[in-house]
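Contents: one structure, followed by commentary.
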Amino acid sequence: MQNLPSGVQAQANSEVVKAAGDPQVGNLATPINSSDFSKALINNLPAYRMGLSPQRRGLEIGMAHGYLLFGPFAFTSQFRNTGVSDIVGLIEAVILVVILTVCLSLYAGAKPNKPIKTITTPNPPASLETSEGWSEFAGSFLIGGIGGAAFAYIIYEIFQSGVLQTFGN
């Protein structure tokens, strides 16, 4: 990078990164978080997608978490070479989903804060401003998380047992 005088360097930085609203909040508009691609990607996630009920939102997020938690627990647990790693991975993934649901329920029991509007998410979901919305979200997260872990377990068992290889012959 060039050695620019401090005044010129400050001018160059102020053109790229600027405060988005109140500078004391710490919400900065950068080329990454204020780009159209980032906004479209983040606002299409179930946490911020418009028109979803708290149940649907919790179900989608729970399914993704349950599905993704199975693999690390099945392949890195202390039972990985014993033949029961798959069922242990399922049990551990379900236990973690239950723990996360308890945490969501505790948050719902307290008076939840209103979601903060940012550059990337200018319209946070209004349904998650109340304890009832968070409770519905937590219940659906539990169902989706257990279902996602069970689905990952079933897919793993199908591929591990070689059922798909038999159809190829």
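Here is how the numbers come out for the structure above:
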{"item": "The range 99-119, subset part of a helix (DSSP H, G or I) and exposed (fewer than 13 other Cβ atoms within 10 Å of the Cβ), residue farthest from the chain's Cα centre (by Cα)", "result": "Gly109"}
{"item": "Residue among Ser85, Ser127 that alone is touching a Gly at 6+ places or on another chain (Cβ under 6 Å) and of a type in the set (Gly, Ala, Ser)", "result": "Ser127"}
{"item": "Out of Ala138, Ala108, Ala150, Ala126, sole residue that is under 17 Å from Ser53 (Cα atoms), in contact (Cβ under 8 Å) with a residue 60 or more places away in the chain, out of contact with any Lys or Arg (no Cβ under 8 Å at 6 or more places or on another chain) and not aromatic (Phe, Trp, Tyr)", "result": "Ala138"}
{"item": "Failed criterion for Ala126 (all others in (1) surrounded by 16 or more Cβ atoms within 10 Å (Cβ to Cβ); (2) within 26 Å of Ala138 (Cβ to Cβ) hold)", "result": "(1)"}
{"item": "Test result for Gly144, small (Gly, Ala, Ser), within 13 Å of Pro54 (Cβ to Cβ) and modelled with pLDDT of 95 or more", "result": "yes"}
{"item": "Residue within the range 144-167 that is in contact with a His (Cβ under 6 Å, 6 or more places away or on another chain) and either more than 30 Å from Leu28 (Cα to Cα) or among the acidic types (Asp, Glu) (or both) present", "result": "yes"}
{"item": "Matching option when the condition is assigned to a helix (DSSP H, G or I), under 23 Å from Gly71 (Cα atoms) and either under 18 Å from the mean Cα position of the chain (by Cα) or of a type in the set (Gly, Ala, Ser) (or both), among Phe137, Phe141", "result": "Phe141"}
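The values are calculated or read from the model by the stated rules, or taken from the named source; none is laboratory data. This is a predicted model, so every value here is computed, not measured. Counting neighbours? That spans all protein chains shown, and the Cβs are built from the backbone with ideal geometry, glycine included.
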